[in-house]
Structures are given as C-alpha cells and as structure tokens.
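Asks: Could you have a look at this structure, given as structure tokens, before my questions?
The values are calculated or read from the model by the stated rules, or taken from the named source; none is laboratory data. In this text, all values refer to a predicted model and were calculated from it rather than measured experimentally. With ideal geometry, Cβ positions are generated from the backbone for all residues, glycine too; neighbour counts draw on all protein chains shown. Side chains included, ligands, DNA and RNA excluded: accessible areas come from the protein's heavy atoms. Shrake-Rupley method; radii C 1.70, N 1.55, O 1.52, S 1.80 Å.
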Amino acid sequence: MIHDYIIKKRKEHPLHFTLLDPGKSSPEELINLATQTAAAGTDGFLVGGSTDLSLEKVDAAVDVIKETTHLPVILFPTHASSVSGRADAIFFMSLLNSESRQFLIGEQIASARWVKKTGLEPLSMAYLVVEPGMAAGRIGQAQPLPRDNPDLVVSYALAGQYLGMSYIYLEAGSGASQPVPSEIIKAVRDEIDVFQIVGGGIKTPESASEVVRAGADIVVTGTLVETSEKLKEDMSNLIQAIHSG
Ligand code: 1GP
C-alpha cells in the first residue's frame with residue numbers, strides 16, 4: 001500500500017515527489033525525466049496537470065513511468081475523466097477553498113465508482129491553494145488563501161483533518177515565483193497531526209530546505225524537472241536537501 005510506503009519512508013526522512021504532466025511532456029520525454037529523477041533519489045511520482053488531460057494520455061504516461069521505475073505512481077487529478085486505473089494510488093482530494101461545488105465534491109462523486117472498480121488506492125487529501133495559486137487556483141475556481149494569514153490556512157487544514165483527510169497539500173501553484181511562506185507551513189505543522197505536502201515555486205535546494213525545516217513532510221516539484229538543463233545534478237542537489245532536512 002502506498003500510504004504505508006509513505007509512513008515508512010517518512011520515518012527515515014522527508015520525502016520528495018516528482019510531478020510529471022502528460023500535457024506538457026511526451027511519453028518519450030517522460031521516460032527520460034522519470035529515469036533521471038529516479039536516479040537522483042525521488043521517492044515517487046505524481047501524474048497530473050491543470051489542463052484538460054485525456055485518459056489516453058494519462059494511461060500512457062503512467063505506463064511509461066511504471067515501466068521505467070519501481071517507484072509509486074500517484075494520480076494528481078483535476079477531472080474525473082482522466083483518472084487512470086493503471087496508477088498505484090490517487091490523491092482523492094477536495095479543493096477546500098474552491099468556490100465551485102465541482103472541485104469540492106463533484107469530480108469526486110464522478111470518479112468514486114471508477115476508483116473502486118480499478119482498485120486504485122485512495123489517499124484522502126485536503127488541497128489548499130495559497131496565493132498566487134497560478135493555474136491551479138484559476139481552474140479550481142479557488143479564492144487563493146492570503147500569504148499573510150497563517151491562522152486562516154490552519155483553520156482550513158484542521159477542517160481537512162477533522163473531515164478525515166490523511167494529507168494536507170499547501171499549493172502555491174505550479175510556476176509560482178515564491179513557495180508557500182514558511183510561517184504558514186510552520187503554523188499548519190504545529191496544529192495538524194496528518195501529513196503535510198508542500199508544492200509550487202520550489203526550484204532550489206535552499207528553498208526546499210526551508211520548506212522542510214518549516215515542517216513539510218513531502219515536497220513536490222514539477223517545473224524544475226521540465227526546465228532544468230542539468231536535470232540529474234539539479235534534482236540530486238534538491239532531493240539531498242530534502243532528505244537531509
Ligand atoms: C504544482 O505544486 C506543484 O501542483 C509543483 O509546482 O511546478 O512550481 O514545481 P512547481
């Protein structure tokens with residue numbers, strides 16, 4: 001089970017997950033990205049993106065990543081229509097600060113029976129979009145949570161925990177100029193007992209270390225993987241900073 005894998009690994013060190021977007025990279029590119037990030041020490045892969053991905057694209061992406069590495073492949077979906085039954089698990093998530101019922105519970109209802117049928121392991125997650133939020137905020141129709149209001153983010157995170165969610169994901173948005181502020185990560189860490197995932201705008205070992213020191217259990221990076229010219233080296237440095245945090 002992937003949840004058990006995460007519990008076990010977290011006892012050793014904070015984790016790094018690599019986000020791969022089948023809307024941005026071809027299957028051939030995904031093989032290269034997965035090979036290099038696995039060699040650099042990533043702990044697992046998230047597959048998803050904010051664009052409208054077809055099921056065929058996600059299926060193909062999951063297949064090539066699973067053929068390339070033995071690491072867990074977890075769906076990070078936007079829509080029920082692109083939930084691939086070939087992954088190991090799915091972040092079964094509700095965007096708690098969305099203003100749209102669709103992202104609070106609609107897509108989840110639409111995918112629930114398919115998750116059951118395919119045997120995907122659901123990892124229950126509260127997804128919180130913090131400013132600037134980028135495409136995740138726009139597409140998810142979120143009112144991004146203010147960067148200067150840790151108390152409000154704690155209220156959302158606690159609500160997620162009390163609703164039974166095992167993971168709280170603080171998302172600044174892919175390509176954000178700055179990660180979620182440390183003050184927010186610390187405040188959430190102090191109040192919740194479940195796993196804290198942080199992503200969006202993390203591009204350097206220094207910013208990754210800061211996020212981990214503030215209290216992230218899992219750090220997600222996507223843009224760096226797509227844009228780095230020395231992928232293996234950049235990822236090794238970033239992942240080392242996270243693992244030693
Ligand atoms: C997006 O948090 C992830 O959902 C990753 O963000 O692309 O900025 O690394 P980046």
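Asks: Collect the residues in the stretch 201-243 that are farther than 16 Å from P14 by Cβ, under 14 Å from the mean Cα position of the chain (by Cα) and part of a loop (DSSP other than H, G, I, E, B), keeping them in residue-number order.
Replies: Passing the criteria: G201, G222.
Asks: Right, another one. Cβ-Cβ distance below 6 Å, separation of 6 or more or different chains: which pairs start in the stretch 117-144 with a residue that is over 25 Å from I2 (Cβ atoms) and open to solvent by 40 Å² or more (accessible area, probe 1.4 Å) and end on one that is among the small types (G, A, S) and assigned to a loop (DSSP other than H, G, I, E, B)?
Replies: P132/G173; P132/A176; M134/G173; M134/S174; M134/G175; M134/A176; I139/S50; Q141/S100
Asks: Give the number of residues within the stretch 158-173 that are within 16 Å of the ligand (Cβ to nearest atom) and either of a type outside the set (D, E, K, R) or open to solvent by 40 Å² or more (accessible area, probe 1.4 Å) (or both).
Replies: Our first condition is that a residue be within 16 Å of the ligand (Cβ to nearest atom); within the stretch 158-173, this holds for 167-173.
Still in the running and either of a type outside the set (D, E, K, R) or open to solvent by 40 Å² or more (accessible area, probe 1.4 Å) (or both): 167-170, 172-173.
So the count comes out to 6.
Asks: Before we move on, is S111 over 19 Å from V180 (Cβ atoms), more than 16 Å from the chain's Cα centre (by Cα) and open to solvent by less than 60 Å² (accessible area, probe 1.4 Å)? Reasoning before the result, please.
Replies: Details: over 19 Å from V180 (Cβ atoms): yes; more than 16 Å from the chain's Cα centre (by Cα): yes; open to solvent by less than 60 Å² (accessible area, probe 1.4 Å): yes.
Taking the combined requirement at face value, the residue satisfies it.
Asks: If you go through the stretch 49-64 one residue at a time, do you hit one that is open to solvent by 30 Å² or more (accessible area, probe 1.4 Å), away from the ligand (no atom under 16 Å from the Cβ), in contact with a Lys or Arg (Cβ under 8 Å, 6 or more places away or on another chain) and touching a residue at least 12 places away in the same chain (Cβ under 8 Å)?
Replies: Yes, because at least one residue in the stretch 49-64 is open to solvent by 30 Å² or more (accessible area, probe 1.4 Å), away from the ligand (no atom under 16 Å from the Cβ), in contact with a Lys or Arg (Cβ under 8 Å, 6 or more places away or on another chain) and touching a residue at least 12 places away in the same chain (Cβ under 8 Å).
Asks: Condition test on G201, is it touching a residue at least 12 places away in the same chain (Cβ under 8 Å), within 10 Å of the ligand (Cβ to nearest atom) and small (G, A, S)?
Replies: Values: touching a residue at least 12 places away in the same chain (Cβ under 8 Å): yes; within 10 Å of the ligand (Cβ to nearest atom): yes; small (G, A, S): yes.
Judged against the criteria, G201 is a match.
Asks: Would you check which residues across the stretch 214-245 are within 25 Å of S25 (Cα to Cα), hydroxyl-bearing (S, T, Y) and surrounded by fewer than 21 Cβ atoms within 10 Å (Cβ to Cβ) and list them?
Replies: Answer for the stretch 214-245, where residues must be within 25 Å of S25 (Cα to Cα), hydroxyl-bearing (S, T, Y) and surrounded by fewer than 21 Cβ atoms within 10 Å (Cβ to Cβ): T223, T227, S228, S236.
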